[in-house]
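Have a look at the structure below before the remarks.
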Amino acid sequence: MSEVMLALKGVEKTYNRGQSNAVQVLNGADLAIASGEMVALVAPSGAGKSTLLHIAGLLDTADRGEVAIGGTRMNGLSDRRRTVARRRDVGFVYQFHHLLPEFSALENIVLPQLANGVAKSEAETRAYDLLARVGVAERAGHRPSAMSGGEQQRVAFCRALANGPRLLLADEPTGNLDPGTSDQVFAALVDLVRDTGLAALIATHNMELAARMDRVVKLDGGQLVS
Ligand code: ADP
């Protein structure tokens with residue numbers, strides 16, 4: 001049996017706790033994703049998808065409940081150790097590419113590797129390889145502003161995978177693209193994830209895209225249902 005890569009147990013999150021405008025977003029969310037498994041996270045806007053992804057990706061903390069990545073419980077870790085775990089184990093893709101505008105596509109994928117202690121030549125080789133796999137190697141020297149929206153997002157996928165994470169989290173990764181482009185770019189992401197054998201949780205509004213995953217989970221009333 002494959003290893004459980006992401007496990008959430010009884011995760012709760014309320015914004016503005018104790019205030020009159022408190023919003024309980026997660027109310028006992030449970031989820032287990034195995035390595036190599038791609039799961040779609042589907043819910044209407046405002047249901048808490050981003051909140052769940054941020055907690056799973058160690059960018060935010062839950063009020064209650066457990067988060068484990070690769071079998072390691074993250075709750076008790078110091079901020080420093082959580083940051084190390086996040087850099088090493090988690091790749092994150094947003095709806096907007098968030099590439100650094102003053103750097104080339106290649107540099108955007110090299111920089112996170114340098115921050116992780118990888119040698120420059122090795123980082124560049126890996127960056128080229130990733131760009132080639134998503135079909136944008138010829139854009140390696142271009143800055144984000146000289147690329148189309150679809151190309152920018154492909155580069156953002158490469159950046160998310162730069163440090164060889166075990167878990168990929170994506171928040172509406174093609175939500176900002178026109179439908180035709182969105183389909184192709186999504187297919188590139190699926191191929192990349194399948195090739196790498198990552199565990200992935202991908203939020204999308206698009207049920208057709210969601211149906212290409214191994215499994216769909218819905219966020220309903222702060223809980224995850226199949
Ligand atoms: P989704 O990604 O499904 O659109 P979000 O996780 O972004 O949903 O938001 C869920 C709910 O939590 C929304 O009602 C949103 O307004 C609220 N929310 C999100 N972030 C904050 C925050 N930092 N402070 C207060 N409320 C927030």
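Helix-only mean residue ellipticity at 222 nm, the chain, DSSP H runs n ≥ 4 weighted -39,500 (n - 2.57), per residue, nearest 500. What is it?
-10500 deg cm²/dmol
What angle do you read, to the nearest 10 degrees and between 0 and 90, between the alpha-carbon axis of helix 79-89 and the longest principal axis of the chain?
Relative to the chain, helix 79-89 is tipped by roughly 50 degrees.
Spelling out what I want: for every residue of region 11-20, take phi, set θ = phi - 60°, compute 6.51 cos²θ - 1.76 cosθ + 1.60 (Karplus), and round to whole Hz; glycine and proline get x.
6, 10, 8, 10, 8, 6, 4, x, 9, 5
Ratio of alpha-carbon Rg to the 2.2 N^0.38 Å globular estimate for region 124-192, to two decimals, please. Could the numbers behind the result be given before it?
Working: Rg = 11.5 Å, N = 69, 2.2 N^0.38 = 11.0 Å.
After normalising by residue count via 2.2 N^0.38 Å, the value is 1.04.
Could you tell me the distance between the Cα centroids of region 170-226 and region 8-62, to the nearest Å?
With region 170-226 and region 8-62 each reduced to a Cα centre, they are spaced 16 Å.
Give the accessible surface of region 110-212 per residue, rounded to a whole number of Å², with probe radius 1.4 Å and ligands, DNA and RNA excluded.
Values: 4370 Å² over 103 residues.
Per-residue accessible area for region 110-212 comes out at 42 Å².
Subtracting the Cα-Cα distance from 0.36 nm times the residue separation, let me have the gained length for E102 to E66 in nm, one decimal.
9.1 nm
Can you give the Rg and Dmax of region 96-226 based on its C-alpha atoms, in angstrom?
Rg and Dmax of region 96-226, Cα atoms, are 15.1, 48 Å.
Relative to the compact globular guide of 2.2 N^0.38 Å, what is the alpha carbon radius of gyration of region 161-226, as a ratio?
On the way: Rg = 12.4 Å, N = 66, 2.2 N^0.38 = 10.8 Å.
Against the compact-globule rule of thumb, the ratio is 1.15.
Just check region 51-92 against the gyration tensor rule for me: Cα atoms, a ≥ b ≥ c as the square roots of the eigenvalues, rounded for a/c under 1.5, and otherwise prolate or oblate depending on whether a/b exceeds b/c.
Here region 51-92 falls in the rounded category.
Pop out the carbon and sulfur fraction of the accessible area of the chain as a percent, whole number, probe 1.4 Å.
47 percent
Against the longest principal axis of the chain, how steep is helix 179-196, in degrees 0 to 90 to the nearest 10, with axes from Cα atoms?
With both axes taken from Cα atoms, the answer is about 90 degrees.
For the chain, what ratio Rg/Rh do Cα atoms give with a Kirkwood hydrodynamic radius?
Looking at the chain, the ratio lands at 0.97.
Of the DSSP beta bridges with both residues in the chain, give the percent that are antiparallel, rounding to the nearest 5.
Here the share of antiparallel DSSP bridges comes out near 55 percent.
Work out the P(r) tail for region 87-143: percent of alpha carbon pairs separated by more than 16 Å, whole number.
Percent of Cα pairs beyond 16 Å in region 87-143: 46.
Across region 141-147, in residue order, what do the Karplus-derived ³J(HN,Hα) couplings come to in whole Hz, using 6.51 cos²θ - 1.76 cosθ + 1.60 with θ = phi - 60° and x for Gly and Pro?
Going residue by residue, I get x, 8, 7, x, 5, 9, 10 Hz, with x marking Gly and Pro.
Which part of region 150-174 falls in the paramagnetic zone of A34, meaning amide N under 19 Å from the point 7 Å along Cα-to-beta-carbon?
Once the point is set 7 Å along Cα→Cβ of A34, 166-168 turn out to lie under 19 Å by backbone N, inside region 150-174.
What ³J(HN,Hα) values, in whole Hz, does the Karplus curve 6.51 cos²θ - 1.76 cosθ + 1.60 give for region 35-44 when θ = phi - 60°, with x put for Gly and Pro?
4, x, 9, 10, 10, 8, 10, 10, 5, x
Please compute the length gained on full extension between V23 and S226, using 0.36 nm multiplied by the number of residues separating them and subtracting their Cα-Cα distance.
Once the chain is fully extended between V23 and S226, it gains 70.7 nm.
Relative contact order of the chain: what whole-number percent is it, with Cα pairs under 8 angstrom and at least 6 residues apart?
Normalised by residue count, the contact order of the chain is 31 percent.
Helix 149-161 versus the longest principal axis of the chain: what is the Cα-based angle in degrees, 0 to 90, to the nearest 10?
Rounded to the nearest ten degrees, it is 70.
The values are calculated or read from the model by the stated rules, or taken from the named source; none is laboratory data. Quantities reported herein were computed from a predicted structural model and do not represent experimental measurements. Here the Cβ is made from the backbone with ideal geometry for all residues, glycine too, and neighbour counts use every protein chain on show. These accessible areas exclude ligands, DNA and RNA; they are computed on the full protein's heavy atoms, side chains included. Shrake-Rupley method; radii C 1.70, N 1.55, O 1.52, S 1.80 Å.
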